[in-house]
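Here is the structure we will look at.
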Amino acid sequence: MMGSQEPQKEMFSYQIDLDRRVRAENPLRRIRETIDFGFVRAEVAALYGANGNESVDPAVILKMMFLLFWDNVASERELMRIIPERLDYLWFLGYELDAVIPHHSVLSKARSRWGAEAFEKFFVRTVGQCVATGLVDGTKIHVDSSLNEANASCDSVVKGAPELIAALKAAYQATESKLDDVTTPASYPAVNDRVVSTTDPDATVVRKGSQPPRPRYHHHRAVDDAHGVITAVETTTGSIAENKRLLPLVEQHQANTGQPVQTAVADRKYGTAENFVACQQLGIRTHLGDARQATPNVRCQGIFSDSAFTYNPRTNTYGCPAGQTLKPRRLHPTKRTWEYFLPKAVCAACGLRTQCTRASQGRTLHRHEQQTLLDRARQQAHSTAARRDRQRRQHRAEVSFADAANHHGFKRARWRRLWRVQIQDWLIAAIQNVKVLLKHRPPPAAGAEWLGWVQDPLHRPKTT
């Protein structure tokens, strides 16, 4: 006989145990068993008073923000609407069926009260847990960056004279970028000295590939080679050059993991002379792409290369193919390279001039003050092992970014101002590390899916 369902609300409900309603293989069950969210209580205890209304448990607030990015919920309002409908959310947060869900403003108020430090410590704790589980080798890291959209439209960008923009940024207390770290060459006027977003003044207007310029942030991260654990994260304004953040990421990785970096892997954007030399001074193998190969100099085609000149370390001079001697003239203050030259008259009278230079002042050479270290670094960068590591980097670093963008809302800032965007990036990186932990954690024991039904014989599944 066919049955029919008569919808009728029960007047009373007894013995509803959410712990038995959440299946054993639900990821939230494993997360709750693996991650200690309660640490945040001690971290933020000093920020709460002894009197007044009782706040929502900080551990519950952190779990809510975790869920916001774990399932990429559209907004905090939407999250609060979803929580009562999801038994696993209620169980994860420690709520009962009839519990009153906090207002969504609780989350924004907590962020303002806590600041970014509590979320950074949450990320660092996930790194430490991966290290303790043996998922981090620590000796080889893959470094990369992503230019992400700020939560501000192009219509919010205003243009003006540098003095006016500087006054606006001061009024908004915008985060200023160091001149040495920006992508704009020193010989060009900085675009962001003349524009500012009134919606998010910390974001800088940057062009990404063929896309038009718009307010953006730059996300930098280091990924461990062993299992793809994210060990270092830094968020900057969009105008900060990625190659300027290599060494800070190395330092952060070593502080978070306790392991010294032996090999750094990155693409050509990081393969500058400054990074090559700095890594060699720290004893780090430089499996970086060489920035010199990115844009070949067309003007140098058909003339003698630098390798045609012989360096004499005893006299600190170069011998040219015509037998003349190039002497050092000056040290570049920024590039830290010595310039070697011949007098204009000597070059003009040389029979090999057309094969040597097209410059009216004659041929010059540049040699880095740490050229020996630079040569060793470039030799490592062009090795077979380095090319193999850069191919593996596509699997480690780029897949890490793709996962964050596809599943956790990484490509666009959810909130405004730099410190809030940092919170978002730390939470997403922590979530990705938790996923690595769950992936390599032993699965539930056989028969664990029955645990929720053991005490309820009326609803126990039938066996064959």
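The values are calculated or read from the model by the stated rules, or taken from the named source; none is laboratory data. Predicted model only: the values in this text are computed from it and were never measured. Neighbour counts run over all protein chains shown; Cβ positions are idealised from the backbone, glycine included.
Restricting attention to the range 310-359, the residues being assigned to a loop (DSSP other than H, G, I, E, B), loosely packed, with under 15 Cβ neighbours inside 10 Å, in contact (Cβ under 8 Å) with a residue 12 or more places away in the chain and not β-branched (Val, Ile, Thr) number 8. Residue 136 passes every criterion in (1) closer than 30 Å to residue 46 by Cβ; (2) of a type in the set (Val, Ile, Thr); (3) under 23 Å from the mean Cα position of the chain (by Cα) apart from (1). Of note, residue 255 satisfies the criterion of being assigned to a helix (DSSP H, G or I), within 27 Å of residue 433 (Cβ to Cβ), within 20 Å of the chain's Cα centre (by Cα) and not basic (Lys, Arg). Among the residues here, residue 78 qualifies as without any contact (Cβ under 8 Å) to a residue 40 or more places away in the chain and not assigned by TED's automatic domain parsing to the domain that holds residue 230. Every condition in (1) without any contact (Cβ under 8 Å) to a residue 60 or more places away in the chain; (2) at positive phi holds for residue 375 except the one numbered (2).
Quick grid of which residues meet (1) at pLDDT below 85; (2) of a type in the set (D, E, K, R):
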| residue | (1), (2) |
| --- | --- |
| 266 | no, no |
| 270 | no, no |
| 275 | no, no |
| 292 | yes, yes |
| 307 | yes, no |
| 314 | no, yes |
| 324 | no, no |
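Of the residues making up the range 276-293, at least one is closer than 30 Å to residue 247 by Cβ, of a type in the set (Ser, Thr, Tyr) and in the same structural domain as residue 243 (by TED's automatic domain parsing). Here residue 399 clears all of (1) touching a residue at least 40 places away in the same chain (Cβ under 8 Å); (2) surrounded by fewer than 18 Cβ atoms within 10 Å (Cβ to Cβ); (3) under 30 Å from residue 320 (Cα atoms) except the condition numbered (3). For residue 265, the conditions (1) crowded, with 20+ Cβ neighbours inside 10 Å; (2) of a type outside the set (Gly, Ala, Ser); (3) under 18 Å from residue 428 (Cβ atoms); (4) touching a His at 6+ places or on another chain (Cβ under 7 Å) are fulfilled apart from (3). Residues in the range 369-393 that are assigned to a loop (DSSP other than H, G, I, E, B) and over 9 Å from residue 287 (Cβ atoms): 369, 370, 382.
Just wondering, is there one or more residues in the range 389-404 that are among the polar types (S, T, N, Q) and under 17 Å from residue 127 (Cβ atoms)? Yes - at least one qualifying residue is present in the range 389-404.
Is the range 150-160 home to any residue that is within 18 Å of the chain's Cα centre (by Cα) and either over 26 Å from residue 220 (Cα atoms) or not assigned by TED's automatic domain parsing to the domain that holds residue 32 (or both)? Looking for residues that are within 18 Å of the chain's Cα centre (by Cα) and either over 26 Å from residue 220 (Cα atoms) or not assigned by TED's automatic domain parsing to the domain that holds residue 32 (or both), one finds at least one in the range 150-160, hence yes.
Residues that are farther than 29 Å from residue 222 by Cβ and over 43 Å from the mean Cα position of the chain (by Cα) do occur in the range 362-380.
Selection over the range 26-46 of residues that are exposed (fewer than 13 other Cβ atoms within 10 Å of the Cβ) and either in contact (Cβ under 8 Å) with a residue 24 or more places away in the chain or of a type in the set (S, T, N, Q) (or both) gives a count of 1.
Rundown of residues vs (1) surrounded by fewer than 20 Cβ atoms within 10 Å (Cβ to Cβ); (2) without any contact (Cβ under 8 Å) to a residue 24 or more places away in the chain; (3) farther than 19 Å from residue 196 by Cβ, yes/no style:
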site	(1), (2), (3)
131	yes, no, yes
136	no, no, yes
155	yes, yes, no
160	yes, no, no
166	yes, no, no
174	no, no, no
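State whether one or more residues within the range 231-238 are out of contact with any Cys (no Cβ under 6 Å at 6 or more places or on another chain), in a strand (DSSP E or B), surrounded by fewer than 22 Cβ atoms within 10 Å (Cβ to Cβ) and not basic (Lys, Arg). Looking through the range 231-238, at least one residue is out of contact with any Cys (no Cβ under 6 Å at 6 or more places or on another chain), in a strand (DSSP E or B), surrounded by fewer than 22 Cβ atoms within 10 Å (Cβ to Cβ) and not basic (Lys, Arg).
Of all residues in the range 221-229, none are at pLDDT 95 or above, closer than 19 Å to residue 378 by Cα, touching a Lys or Arg at 6+ places or on another chain (Cβ under 8 Å) and surrounded by 20 or more Cβ atoms within 10 Å (Cβ to Cβ).
Taken over the range 92-114, the criterion of being surrounded by fewer than 18 Cβ atoms within 10 Å (Cβ to Cβ) and in contact with a Leu (Cβ under 8 Å, 6 or more places away or on another chain) is satisfied by 96, 97, 99, 104, 113.
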